[in-house]
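I have placed the structure first, in the form of structure tokens, so that the comments after it can refer back to it.
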Amino acid sequence: MSVGSVPRRGGWGTLPDVANRDSVLTRVVRIFESFGPDTPALRVTDIARRADLHVATASRLVDELVGHGWLRRDPDRRIRVGVRLWELASRASPTLGLREAAMPFMEDLHAVVGHHTQLGVLEDREVLFVERLSAPGAVVNVTRVAGRLPLHASSSGLVLLAHAPADLQERVLAGPLGTFRRTTLTEPARLRRFLADVRRDGYAFCAGFIDEETTGIAVPLRGPGGGVIAALSVIVPNDRNARMQIPALRAAARGISRMLSR
């Protein structure tokens, strides 16, 4: 029997198919990627299916990760991401300094606005939200901490895209540009004009872009070299008072940018 004749996973052979076999690290990564905002707890069989692993392999790896505290097991046997992983990620997060600099200004801005205040960074072709402040009774907001949105769909994403390298802008403009609502910028020419307006005006004003009852407003945050490294945004009611939040948002952004430039 040749090595190549042995099935890749879960077969009857005993010799490994070295050429096709995934590394343990790759399997572990797929296990963690099985979890999402809407699936925080999964059974081992669900993890195996989502991670494309044999159930026995998934069960063994999950047991090891639970033992290290990277995953945890509920009384009903469902699996969740462990506190140990959150601890390590928070301690070494590349956004830690950004969040520490931004938080005092975000708290002041949130007190003025009374609705959602959030912080987003560029991550490939998406905006990743790394911090958010909210309040009871605040307007609808689809974003959450560690949540993502396409760059063309939200105020934070549009600010980051407007100041992104030209090659990234062209890749996004080339599509596909998914639609959230009829107001989503899905026509390349219209999107290009909007990005030029963001660079000229210094903010993105997105009334009803994701929810017809809300307006997203975002401004850039600049680092030591003057480049845009993040976006600060608020989500407020879509009414005649929405534009009144722009001065406070800009003032907070200037304060954060000064802190980041020290």
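Key figures
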{"read-out": "Helices (runs of 4 or more DSSP H) fully within the range 69-187 counting 2 or more residues that are in the same structural domain as Gly208 (by TED's automatic domain parsing) and under 13 Å from the mean Cα position of the chain (by Cα)", "value": "155-162"}
{"read-out": "Unique residue being on the phi < 0 side of the Ramachandran plot and touching a Pro at 6+ places or on another chain (Cβ under 9 Å) when the list is Ala146, Ala138, Ala162, Ala153", "value": "Ala162"}
{"read-out": "Test set (1) at pLDDT below 95; (2) more than 12 Å from Gly157 (Cβ to Cβ) - Val234 fails condition number", "value": "(1)"}
{"read-out": "In the range 38-55, the residues that are under 14 Å from Val24 (Cβ atoms) and part of a helix (DSSP H, G or I)", "value": "Ala51"}
{"read-out": "Test result for Ala58, in the same structural domain as Gly36 (by TED's automatic domain parsing), small (Gly, Ala, Ser) and either crowded, with 16+ Cβ neighbours inside 10 Å or in contact with a Lys or Arg (Cβ under 9 Å, 6 or more places away or on another chain) (or both)", "value": "yes"}
{"read-out": "Conditions (1) within 24 Å of Leu98 (Cα to Cα); (2) crowded, with 19+ Cβ neighbours inside 10 Å; (3) at pLDDT below 95: number failed by Ile210", "value": "(1)"}
{"read-out": "Candidates Phe194, Phe180, filtered to the one that is among the aromatic types (Phe, Trp, Tyr), at pLDDT 95 or above and over 16 Å from Leu249 (Cβ atoms)", "value": "Phe194"}
{"read-out": "Long-range neighbours under 6 Å by Cβ, at least six apart or interchain, first residue surrounded by 13 or more Cβ atoms within 10 Å (Cβ to Cβ) within the range 122-141, second small (Gly, Ala, Ser)", "value": "Val127/Gly120; Val127/Ser156; Val127/Gly157; Phe129/Gly120; Phe129/Gly147"}
{"read-out": "Residue selected from the range 213-227 under the condition touching a residue at least 60 places away in the same chain (Cβ under 8 Å) and surrounded by fewer than 18 Cβ atoms within 10 Å (Cβ to Cβ), by the criterion farthest from Ile256 (Cα to Cα)", "value": "Glu213"}
{"read-out": "Among (1) modelled with pLDDT of 95 or more; (2) exposed (fewer than 14 other Cβ atoms within 10 Å of the Cβ); (3) within 25 Å of the chain's Cα centre (by Cα) - the single one Thr45 does not satisfy", "value": "(3)"}
{"read-out": "Condition check for Gly202: modelled with pLDDT of 95 or more, of a type in the set (Gly, Ala, Ser) and on the phi > 0 side of the Ramachandran plot", "value": "yes"}
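The values are calculated or read from the model by the stated rules, or taken from the named source; none is laboratory data. Predicted model only: the values in this text are computed from it and were never measured. Quick reminder, even Gly has a Cβ in these numbers, built from the backbone with ideal geometry, and neighbours come from all protein chains shown.
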